[in-house]
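Structure, as C-alpha coordinates:
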Amino acid sequence: MANLTFDEKADGSRLILKVAGEIDAKTAPDLKLKLESAVGNGMKTIVCDCSALTYIASAGIGVLNSIQKFLKEKSGEIVFCSLRKEVKDTMELMYFTKKVRIFPNLEEALSIV
(Lines give C-alpha, C1' and ligand atoms only; values in the text may rest on other atoms or scores of the structure.)
Protein backbone atom coordinates (compact mmCIF):
# COMPACT_ATOMS: atom_id res chain seq x y z
CA MET A 1 0.00 0.00 0.00
CA ALA A 2 1.31 3.42 -0.98
CA ASN A 3 2.22 5.79 1.80
CA LEU A 4 2.86 9.53 1.51
CA THR A 5 4.07 11.90 4.23
CA PHE A 6 4.97 15.58 4.31
CA ASP A 7 7.31 17.65 6.40
CA GLU A 8 6.79 21.35 5.84
CA LYS A 9 8.53 24.53 6.87
CA ALA A 10 7.25 28.00 6.00
CA ASP A 11 9.79 30.71 5.26
CA GLY A 12 7.92 33.93 4.50
CA SER A 13 5.96 33.31 1.29
CA ARG A 14 8.11 30.28 0.52
CA LEU A 15 7.24 26.75 1.60
CA ILE A 16 9.82 24.00 1.87
CA LEU A 17 7.92 20.75 1.50
CA LYS A 18 9.71 17.44 2.01
CA VAL A 19 7.69 14.74 0.29
CA ALA A 20 8.33 11.14 1.35
CA GLY A 21 6.90 7.87 0.06
CA GLU A 22 4.93 7.27 -3.12
CA ILE A 23 2.58 9.47 -5.14
CA ASP A 24 0.03 7.38 -7.01
CA ALA A 25 -3.70 7.56 -7.75
CA LYS A 26 -4.47 6.81 -4.10
CA THR A 27 -2.14 9.41 -2.52
CA ALA A 28 -2.29 12.15 -5.20
CA PRO A 29 -5.43 13.72 -3.61
CA ASP A 30 -3.49 14.16 -0.34
CA LEU A 31 -0.73 15.98 -2.23
CA LYS A 32 -3.31 18.14 -4.00
CA LEU A 33 -4.90 19.16 -0.68
CA LYS A 34 -1.51 19.95 0.85
CA LEU A 35 -0.41 22.10 -2.09
CA GLU A 36 -3.75 23.89 -2.48
CA SER A 37 -3.76 24.67 1.23
CA ALA A 38 -0.23 26.12 1.00
CA VAL A 39 -1.18 28.33 -1.94
CA GLY A 40 -4.39 29.34 -0.16
CA ASN A 41 -2.29 30.39 2.83
CA GLY A 42 -0.28 32.79 0.68
CA MET A 43 2.70 30.68 -0.37
CA LYS A 44 4.10 31.98 -3.67
CA THR A 45 7.04 29.61 -3.97
CA ILE A 46 6.99 25.92 -3.12
CA VAL A 47 10.27 24.04 -2.92
CA CYS A 48 9.63 20.29 -3.05
CA ASP A 49 12.43 18.27 -1.53
CA CYS A 50 11.99 14.86 -3.18
CA SER A 51 14.97 13.10 -1.59
CA ALA A 52 12.60 10.64 0.16
CA LEU A 53 10.12 10.32 -2.72
CA THR A 54 10.47 6.82 -4.15
CA TYR A 55 7.73 6.76 -6.81
CA ILE A 56 5.45 9.08 -8.75
CA ALA A 57 2.64 8.04 -11.10
CA SER A 58 0.89 10.08 -13.77
CA ALA A 59 -1.81 11.06 -11.22
CA GLY A 60 0.88 12.78 -9.17
CA ILE A 61 2.30 14.56 -12.20
CA GLY A 62 -1.24 15.77 -13.00
CA VAL A 63 -1.58 17.31 -9.54
CA LEU A 64 1.85 18.96 -9.76
CA ASN A 65 1.07 20.26 -13.24
CA SER A 66 -2.17 21.94 -12.13
CA ILE A 67 -0.47 23.55 -9.11
CA GLN A 68 2.42 24.69 -11.30
CA LYS A 69 0.01 26.38 -13.75
CA PHE A 70 -1.93 28.02 -10.91
CA LEU A 71 1.23 29.37 -9.24
CA LYS A 72 2.59 30.62 -12.57
CA GLU A 73 -0.60 32.67 -13.07
CA LYS A 74 0.05 34.26 -9.66
CA SER A 75 3.74 34.94 -10.45
CA GLY A 76 4.72 32.07 -8.19
CA GLU A 77 6.60 28.86 -8.81
CA ILE A 78 6.98 25.26 -7.70
CA VAL A 79 10.51 23.84 -7.94
CA PHE A 80 11.94 20.42 -7.19
CA CYS A 81 15.21 19.19 -5.77
CA SER A 82 16.96 15.96 -4.88
CA LEU A 83 15.02 13.82 -7.37
CA ARG A 84 15.76 10.11 -7.42
CA LYS A 85 16.43 8.68 -10.86
CA GLU A 86 13.12 6.76 -11.04
CA VAL A 87 11.09 9.86 -10.16
CA LYS A 88 13.02 12.11 -12.55
CA ASP A 89 12.64 9.55 -15.35
CA THR A 90 8.86 9.55 -14.91
CA MET A 91 8.75 13.36 -14.86
CA GLU A 92 10.86 13.49 -18.03
CA LEU A 93 8.70 10.88 -19.75
CA MET A 94 5.66 13.11 -19.15
CA TYR A 95 7.56 16.27 -20.25
CA PHE A 96 7.03 17.78 -16.80
CA THR A 97 10.73 18.62 -16.41
CA LYS A 98 10.37 21.09 -19.30
CA LYS A 99 7.87 23.14 -17.26
CA VAL A 100 9.62 23.38 -13.88
CA ARG A 101 13.06 24.03 -12.47
CA ILE A 102 14.91 21.12 -10.89
CA PHE A 103 17.89 21.50 -8.59
CA PRO A 104 20.40 18.84 -7.51
CA ASN A 105 19.88 19.57 -3.79
CA LEU A 106 17.88 21.65 -1.33
CA GLU A 107 20.70 24.09 -0.58
CA GLU A 108 21.03 25.05 -4.23
CA ALA A 109 17.27 25.41 -4.66
CA LEU A 110 17.02 27.67 -1.60
CA SER A 111 19.91 29.84 -2.75
CA ILE A 112 18.11 30.63 -6.02
CA VAL A 113 14.38 30.78 -5.20
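The values are calculated or read from the model by the stated rules, or taken from the named source; none is laboratory data. Model, not experiment: these values are computed from the prediction. Positions of Cβ are generated from backbone atoms using ideal geometry, with glycine treated the same way; all protein chains shown enter the neighbour counts. We work out accessible area using only protein heavy atoms, side chains counted, and drop any ligands, DNA or RNA first. Shrake-Rupley method; radii C 1.70, N 1.55, O 1.52, S 1.80 Å.
Descriptive notes on the structure:
- Long-range amide H partners of I78 with built H, under 5 Å: I46
- Choice from E73, E22, E86 with maximal GNM fluctuation in the chain (Cα, 10 Å cutoff): E73
- Mean shadow area of the chain over all directions, Cα convex hull, nm²: 6.1 nm²
- Annotation: for a label point projected 7 angstrom from Cα along Cα→Cβ of Y95, residues of segment 57-86 with backbone N closer than 18 Å are 58-70.
- Near Y55, the amide H atoms lying under 5 Å from its own belong to I23; only residues 5 or more places off or on other chains count, and H is placed 1.01 Å from N.
- Surface calculation, 1.4 Å probe, protein heavy atoms: S51 sits at approximately 40 Å² accessible.
- Solvent exposure, largest accessible area first (probe 1.4 Å, DNA, RNA and ligands not counted), of M43, M91: M43, M91
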